[in-house]
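Enquirer: I'd like to ask some things about the structure below.
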Amino acid sequence: MVDYDPEMIDAMEYKKINCLYGDVSDIELLEEAGVDNAKLIVSMLTDQALTEFLLRYTDKHNAEAVVICTGDTPKQAAALYKLGASYVMLPHYIGSEKISSFVRRSGISKKEFDKYRAKHLEHLQSHKDPLNLPEDDKTTSTIKSSVQQ
């Protein structure tokens, strides 16, 4: 994992997850991260220019890698596909497809939505702390509050 947020790096190190701090536009960082030999690259970058940079780099140094990234619009997705993305996630469309599927399956029954809502709330409660850090650590409290904002 590569991240530019020092608090996220601290949290990942706390969880013993391999990570690197830095900017994805730093070629030395990409080399250190092993992008040149990766089989799968999943990018959650929200900056279109950085995503395009990563795709160009990967195309030049590791054209066989599967690269999954995100876009905000179909136009952005088309541009990323042109640059070699294997798949472009469009979060707004994924959410729309999921709820459409639920409505097709369950209809517009309030009772069915109430069941789905309860299940969703239960899931959200069990994942309140995305990093699953203990409550008693003062550093942890700072990390958790910044991550949840």
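Enquirer: Restricting to the stretch 64-73, count the residues that are open to solvent by less than 70 Å² (accessible area, probe 1.4 Å) and not β-branched (V, I, T).
Expert: Here the count works out to 3.
Enquirer: Is it fair to say T139 is under 30 Å from D26 (Cβ atoms), surrounded by 11 or more Cβ atoms within 10 Å (Cβ to Cβ), modelled with pLDDT under 90 and not aliphatic (A, V, I, L, M)?
Expert: Yes; evaluated as a whole, the condition is true for this residue.
Enquirer: Only residues in the stretch 98-109 that are without any contact (Cβ under 8 Å) to a residue 24 or more places away in the chain count as the first member; pair them with residues that are of a type in the set (D, E) and open to solvent by 40 Å² or more (accessible area, probe 1.4 Å), Cβ under 9 angstrom, at least 6 apart or cross-chain, and list the lot.
Expert: F102/E112; R105/E112; S106/E112
Enquirer: What about T46, is it within 30 Å of D10 (Cβ to Cβ) and open to solvent by less than 70 Å² (accessible area, probe 1.4 Å)?
Expert: No; evaluated as a whole, the condition is false for this residue.
Enquirer: Check E32, E13 and return the single one that is surrounded by fewer than 16 Cβ atoms within 10 Å (Cβ to Cβ) and touching a residue at least 12 places away in the same chain (Cβ under 8 Å).
Expert: E32
The values are calculated or read from the model by the stated rules, or taken from the named source; none is laboratory data. Fair warning: this is a prediction, and the values are worked out from it, not measured in the lab. Every residue, glycine as well, gets a Cβ built from its backbone with ideal geometry; the counts of neighbours run over all protein chains shown. Each accessible area value is taken on the protein alone, full model and side chains, heavy atoms only, with ligands, DNA and RNA left out. Shrake-Rupley method; radii C 1.70, N 1.55, O 1.52, S 1.80 Å.
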